[in-house]
């Protein structure tokens, strides 16, 4: 049979289960867009910028069984999308990138967009492909998708030259797709881990994004052991924030008190689905016990930063299930469990009360905002955050109850993530509220993408924490330098932006307006309209994370450097 490459690509994407594609049509992919437009199961979404499209695709992968997919033009389309692709690569998020390519059936050089895209994308993807025959279109896309979702997931890049898309070619068959499946963990290692746990007095659990599909098993393991549970930032939603054994984000000097205290006497740490990256460990400020059990599907992550007594390269759900079977059924003494839970509850309340009692003057106290937001948000809501001071305040002050209830850029740490990512989230979760917590600097990067939300009729609420600065870095500058370099933002007219992109606009000026503004925004969003809420936030009180990493990094400097930095800070304060 004879088919165009574009038809074959559409067929393959339909078999894989792609629901949405994101991008902008151009001369090198118009044939593919025409095919996607004819699909009964795939909806192509026009974005304002390919970078925003990549963040949308990222959110689709994080929050649904379908893999997010980009369809972009070569050269500029790829480089525009690179930030979102890089975020997916470092965060372990599957993504399909289909890109047009220059004609391979012509002898001419210096074609429009001619560039070595394979070399460009290799460092940002698990694997790259360039299709040269019609016969290879379907098998290549099947293989690429399995690479994207297997092991530690990540993006894959497939270049389809325009002549392959446009012209017909002979294909012998239309093969069926067979999805990759994870393998069971080695039973010997599971037994070793079970013995180590059984001999411990106080095992604790540290869970990351890799455990997102194992929430039920994780709860059972924690309750069986009476183990306090901490999560990474990216994995904030893998364990219910209102569970009596949930302690918070992180467990070292940069963690909230409930996590710091609960993990102090941990004699066996079960780390599941985490790579012990810089943010997760508070700039490597944690000290795991010698009895460390590390479970991660990526073998390269094991023993990379902290030596494990038992290292298991396996899928989190399968590994926890095997552990539950191997562990002896010896219940923890009720008194010990009650004492642990009481301590966690007390320390959490003390920390939140400290924030609630903070005087924010005529601006919005973050704790009051998050308390009101949590009261009205349904349990299954999705909160999308960006990169900045607001990220860690959200992680510390807003309990997340269900898997997928929180997504964030983490290891690539890309500003501008949340505005478009919330659009991807709302596409795959249309029946539940999607809200974004975003700093004003991050918002300025991608706010035009809200026009896409308006065009699609997506009711996303954007709570813009407006303090006029790039606050996370401004605070980091203020302590050692007593000055702020390039972190004070120009005045932004949020109402004007709202009018320009077709969104509603509300102002939240102080604590008295918090509840009314949140309810008003959610009601407007329920009518299918994006809403921008200008939150005049108070950032004068620092998060536990910010304070902790400053101390951790300062302690690493030698005495001479410490003296120099402290003397400079004091000197500048004296002289102004």
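Take residues that are surrounded by fewer than 24 Cβ atoms within 10 Å (Cβ to Cβ) and in contact with a strand residue (DSSP E or B) (Cβ under 6 Å, 6 or more places away or on another chain) and tell me which of the strands (runs of 3 or more DSSP E) falling wholly in the range 9-79 contain 2 or more.
Working: elements: 20-23, 43-46, 68-72.
Of the strands (runs of 3 or more DSSP E) lying wholly inside the range 9-79, those with at least 2 residues that are surrounded by fewer than 24 Cβ atoms within 10 Å (Cβ to Cβ) and in contact with a strand residue (DSSP E or B) (Cβ under 6 Å, 6 or more places away or on another chain) span 43-46.
So which strands (runs of 3 or more DSSP E) stay within the range 262-317 end to end and still have 3 or more residues that are under 24 Å from the mean Cα position of the chain (by Cα)? Don't jump to the end; show me each part of the working.
On the way: elements: 268-272, 292-296, 310-313.
By residue number, 268-272, 292-296.
Looking at 468, 500, can you tell me which residue is farther than 29 Å from residue 549 by Cβ and over 21 Å from the mean Cα position of the chain (by Cα)? Full working, then the answer.
On the way: 468 fails: farther than 29 Å from residue 549 by Cβ.
The conditions single out 500.
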Subset of the range 145-168 [touching a helix residue (DSSP H, G or I) at 6+ places or on another chain (Cβ under 7 Å) and either modelled with pLDDT under 95 or assigned to a helix (DSSP H, G or I) (or both)]: 145, 164, 165, 166
Some residue of the range 442-461 being free of Cβ contacts under 8 Å to residues at least 60 places away in the same chain, crowded, with 24+ Cβ neighbours inside 10 Å, within 13 Å of residue 59 (Cα to Cα) and touching a strand residue (DSSP E or B) at 6+ places or on another chain (Cβ under 7 Å): no
Flag if residue 225 is closer than 30 Å to residue 282 by Cα and crowded, with 19+ Cβ neighbours inside 10 Å: yes
Test: residue in the range 187-199 that is buried (at least 23 other Cβ atoms within 10 Å of the Cβ), at pLDDT below 95 and touching a strand residue (DSSP E or B) at 6+ places or on another chain (Cβ under 7 Å): no
Complete set of residues in the range 107-119 that are assigned to a loop (DSSP other than H, G, I, E, B) and under 18 Å from residue 26 (Cβ atoms): 110, 111, 112, 113, 114, 115
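Only one residue in 409, 403, 399 is more than 19 Å from residue 379 (Cβ to Cβ), touching a helix residue (DSSP H, G or I) at 6+ places or on another chain (Cβ under 8 Å), not assigned by TED's automatic domain parsing to the domain that holds residue 63 and not in a helix (DSSP H, G or I), so which one is that? Outline the logic, then answer.
Details: 403 fails: more than 19 Å from residue 379 (Cβ to Cβ); 399 fails: more than 19 Å from residue 379 (Cβ to Cβ).
Result of the check over 409, 403, 399: 409.
Quick grid of which residues meet (1) part of a strand (DSSP E or B); (2) out of contact with any strand residue (DSSP E or B) (no Cβ under 8 Å at 6 or more places or on another chain):
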{"site": "492", "(1), (2)": "no, yes"}
{"site": "500", "(1), (2)": "no, yes"}
{"site": "505", "(1), (2)": "yes, no"}
{"site": "514", "(1), (2)": "no, no"}
{"site": "542", "(1), (2)": "no, yes"}
{"site": "552", "(1), (2)": "no, yes"}
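Among the residues of the range 301-354, which ones are under 30 Å from residue 366 (Cβ atoms) and either surrounded by 13 or more Cβ atoms within 10 Å (Cβ to Cβ) or touching a residue at least 60 places away in the same chain (Cβ under 8 Å) (or both)? Give the derivation first.
Applying the first criterion (under 30 Å from residue 366 (Cβ atoms)) to the range 301-354 yields 340-354.
Selection gives 340, 341, 343, 344, 345, 346, 347, 348, 350, 351, 352.
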Filter result for residue 453 (closer than 23 Å to residue 540 by Cα, under 21 Å from the mean Cα position of the chain (by Cα) and in a helix (DSSP H, G or I)): no
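Okay, residues lined up against (1) under 29 Å from the mean Cα position of the chain (by Cα); (2) assigned to a helix (DSSP H, G or I); (3) in the same structural domain as residue 244 (by TED's automatic domain parsing):
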{"position": "325", "(1), (2), (3)": "no, yes, yes"}
{"position": "329", "(1), (2), (3)": "no, no, yes"}
{"position": "338", "(1), (2), (3)": "no, yes, no"}
{"position": "343", "(1), (2), (3)": "no, yes, no"}
{"position": "346", "(1), (2), (3)": "no, yes, no"}
{"position": "349", "(1), (2), (3)": "yes, yes, no"}
{"position": "353", "(1), (2), (3)": "yes, yes, no"}
{"position": "362", "(1), (2), (3)": "no, no, no"}
{"position": "367", "(1), (2), (3)": "yes, yes, no"}
Number of the condition not met by residue 358 [criteria: (1) assigned to a helix (DSSP H, G or I); (2) surrounded by fewer than 17 Cβ atoms within 10 Å (Cβ to Cβ); (3) at pLDDT 95 or above]: (1)
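Could you tell me whether any residue of the range 477-490 is assigned to a helix (DSSP H, G or I), over 23 Å from the mean Cα position of the chain (by Cα), closer than 28 Å to residue 358 by Cβ and free of Cβ contacts under 8 Å to residues at least 24 places away in the same chain? Can you show your working first?
Of the residues in the range 477-490, the ones assigned to a helix (DSSP H, G or I) are 477-481.
Retained after the next criterion (residues that are over 23 Å from the mean Cα position of the chain (by Cα)): 477-481.
Filter once more, so that each one left must be closer than 28 Å to residue 358 by Cβ: 477-481.
Narrowing further to those that are free of Cβ contacts under 8 Å to residues at least 24 places away in the same chain: 477-478.
The answer is yes, given that some residue of the range 477-490 is assigned to a helix (DSSP H, G or I), over 23 Å from the mean Cα position of the chain (by Cα), closer than 28 Å to residue 358 by Cβ and free of Cβ contacts under 8 Å to residues at least 24 places away in the same chain.
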Checklist (1) without any contact (Cβ under 8 Å) to a residue 40 or more places away in the chain; (2) under 16 Å from residue 452 (Cβ atoms) applied to residue 60, failing item: (1)
Residues of the range 206-260 that turn out to be touching a helix residue (DSSP H, G or I) at 6+ places or on another chain (Cβ under 8 Å), in a strand (DSSP E or B) and touching a residue at least 40 places away in the same chain (Cβ under 8 Å), as a count: 5
Positions within the range 549-576 being modelled with pLDDT of 85 or more and within 20 Å of residue 470 (Cβ to Cβ), in sequence order: 549
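The values are calculated or read from the model by the stated rules, or taken from the named source; none is laboratory data. On a predicted model such as this, the values are computed, not experimentally measured, just so you know. Neighbour counts run over all protein chains shown; Cβ positions are idealised from the backbone, glycine included.
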